[in-house]
Amino acid sequence: MILFNKILIANRGEIAVRIIKSAQKLGIKTVAVYSKADENALHVKMADQGYNLDGDGPQGELSDNYLNISKIIEAARHFSVDAVHPGYGFLAESPLLVSACEENNITFIGPNKRSIELMGNKIEARAFVRNLDIPMTEGLTGNTKELIKKSPSLKYPILVKAAAGGGGKGMRIVWKEDNLEEIIESTAREAKNYFGDGSVYIEKYVEEPRHIEFQILGDNYGNVVHLFERECSIQRRYQKIIEESPSPTLTPELREKMGEDAVKIASEVGYNSAGTIEFLVDKELNYYFLEMNTRIQVEHPVTEMVTGVDLVEEQIKVACGNRLSIKQGELSQTGHAIECRIYAEDPANKFMPSPGEIRFYKPPSGKNIRIDSGIEKAGIIHSFFDPMISKLIVHSENRATAIPDMKSALDNYIIHGIKTNISYLQQMISHKAFAENRISTKFCDNHNDELLSDIKEGKVFDKGIDHLLAFAVFSLNKPIEKKNIWQKIGYWNNNNSLLFDVDGTIKTVRLIERKTQGYKFLLENVGYDVRLVSLEKNHIKVMVNNEMAEAFISDDARGISTVSVSGISFFMERADVLNTKKKYTASNGDNGGGNLCSPMPGKVIKVNVGVGDEVKRGKVLLVVEAMKMENNITATVDAVVEKINVKEGDMVEGNTQLVYLETVKE
């Protein structure tokens, strides 16, 4: 078998870590590239060598580091690598990178340039596949004016999509004609920013479809196989968040037919790497070609779990010049795998990205649990990059057992310091409609309010009693601050009452008796016997009335604790002890009245107004980009723009005042 000596990974985060693991298994040395923000990242530590794309300067724009082909090639030549693996995203589907590699006698670990150019452009891909007699939705192409003129030929709703798009970016659903021009322009702008190509097209929107993709592998000798399908229907903002394999939707006959069509497309295009053929499936199980992704996919682990094939390893071996080591008849699906994407985002606030500092991090572990992550401990989640923290994958005997296994794994995934979608995923996995496979790409839209309500009701139902009692014991065993006399002589020392602020509500806990490891508490007229089992810096185990409770506890900079038990978290602090860390400010940066602040760290990409402009409530004043998402800053009142503190291109911190408006008096 032919193998490379050294490869460079032109990516970051979990996919860079994933590639390094397969390379190490094959005995191949690796080079990591990184930006200033990533200099201490896990993928950099794991690689044999590293290259700082930002040099001695500060963190640069993506175009200055991970999207800079000349710097990638410079690094590859500096370390004399044999090949470059692009991962997914960034330059993974860039024919320019393929050309640059070829010009420098470096192998590109991915498909040939023709495949990327043909299938990477959604307009050209649709035209190519249509000639293969494979089902497809109606579509329109052209510039903005042409699309608007032709649009009446399609019945609404329609989708406006980036020709070079992917990963849920550059896609908008349009329900009526009156805002079509604005949406086309917005989509084109996003496409230009992310993919370097502002071309867009329109296609008929299939309402409540299933999103099914087939994993394919090809080599340089004309061999192509599919490794079955993944169900990717659970999405928010057209971005997948739960994937599984096998699909609970497909019949054996439909699986075989779609698999044959996937191989047919890949074979006709001469595909020679890992990739996916994606389909939409309607309620009657009719399927339509959607697109081809000419790269390894984020969700590839679920396929690896059910087939036992290391897709990245196969991808590397094929790029080395080896034939595929597997044949179609040798492949099968065993068991059921589910993947949940863990994002730094706030589902309750329209999935707004939530970059910041993770102060406590504990992923789940155990048999048949896999974590693909770019981090291994608490640290900073930067606003420059995609908000995905990790992927959590479970593999079980069947779907009925995989679902509770995933729920248990989510319950044991503890992240403190930033908002995440873990509680949202817990509710989705537990939802009856998910268990019964009553899902579509509209699942989140249809159930969003219910899921958010269930998160709140879960805390109400739980009542946080175990949290509070565990935290009470934890606080009683905390080292006493020398300067904090109130903790030493404490109010509770006088009347045996401990006061706690629990998510903004004051709770009184009576300490009836305290022995070496045992406590008797009275809470809301109910007695509890609590025994301390173990105590660590951020972890406590207690027996509450002979039942085990395990809590994970961490403090923020204000001295407020996050307490997590069984996947539910509460904010707590001792209300009877002076908190010396707490600071009180006149403003927390909320957007209220005329004071408009950035909701998160990010980059100002558009300023629509000037000082002195009169604006109506709802007018988009600025656009701030963070974690690959545009956030509109809108006027909250009818007003006059009094002050603008930023300009296009500025990087801003969270809660930075952007604009001040003078309210128009009636």
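What follows is calculated from the coordinates using simple rules that are stated; it is not laboratory data. Keep in mind it's a predicted model, so treat the numbers as computed, not measured. Cβ sites come from the backbone with ideal geometry, for glycine too, and all protein chains shown count toward neighbours.
What is the sum of charges around E313, taking Lys and Arg as +1, Asp and Glu as -1, for the other residues whose C-beta is under 13 Å from the C-beta of E313?
+1
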By the Kirkwood definition, with r running over pairs of different Cα atoms, segment 48-176 has a hydrodynamic radius in Å of 17.5 Å
So, for the Cα atoms of segment 138-204, Rg and Dmax in Å stand at 10.6, 30
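Under Stokes-Einstein, with the Kirkwood radius over Cα pairs standing in for Rh, what whole-number D in µm²/s applies to segment 6-109 at 10 °C and 1.306 mPa s?
The estimated diffusion coefficient comes to 120 µm²/s.
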Going through K407/K459; K377/K456; K25/K264; K176/K419; K71/K113; K21/K264 one by one, the pairs whose alpha carbons sit over 24 Å apart turn out to be K377/K456; K25/K264; K176/K419; K21/K264
Computed about the Cα centre, the charge dipole of segment 6-109 from +1 Lys/Arg and -1 Asp/Glu charges at the Cβ has a magnitude in debye, to the nearest 20, of 480 debye
Cα extents of the chain along the principal axes, largest first, in whole Å, come to 83, 67, 56
Rounded to whole angstroms and listed largest first, the alpha-carbon spread of segment 210-461 along its three principal axes comes to 58, 41, 33
Taking Cα pairs closer than 8 Å and at least 6 residues apart, the relative contact order of segment 6-109 in percent is 29 percent
For the chain, the helices passing both cut-offs (Cα extent along own axis of 20 Å or more, Kyte-Doolittle mean at least -1.0, full DSSP H runs) are 180-195, 252-269, 443-462
Taking Lys and Arg as +1 and Asp and Glu as -1, residues besides S80 with C-beta under 15 Å from its C-beta add up to 0
Counted neighbours (other Cβ, 10 Å), sorted fewest up, put H467, H382 in the order H382, H467
Answer check: segment 89-150, Cα atoms, Kirkwood Rh, Rg/Rh ratio of 1.11
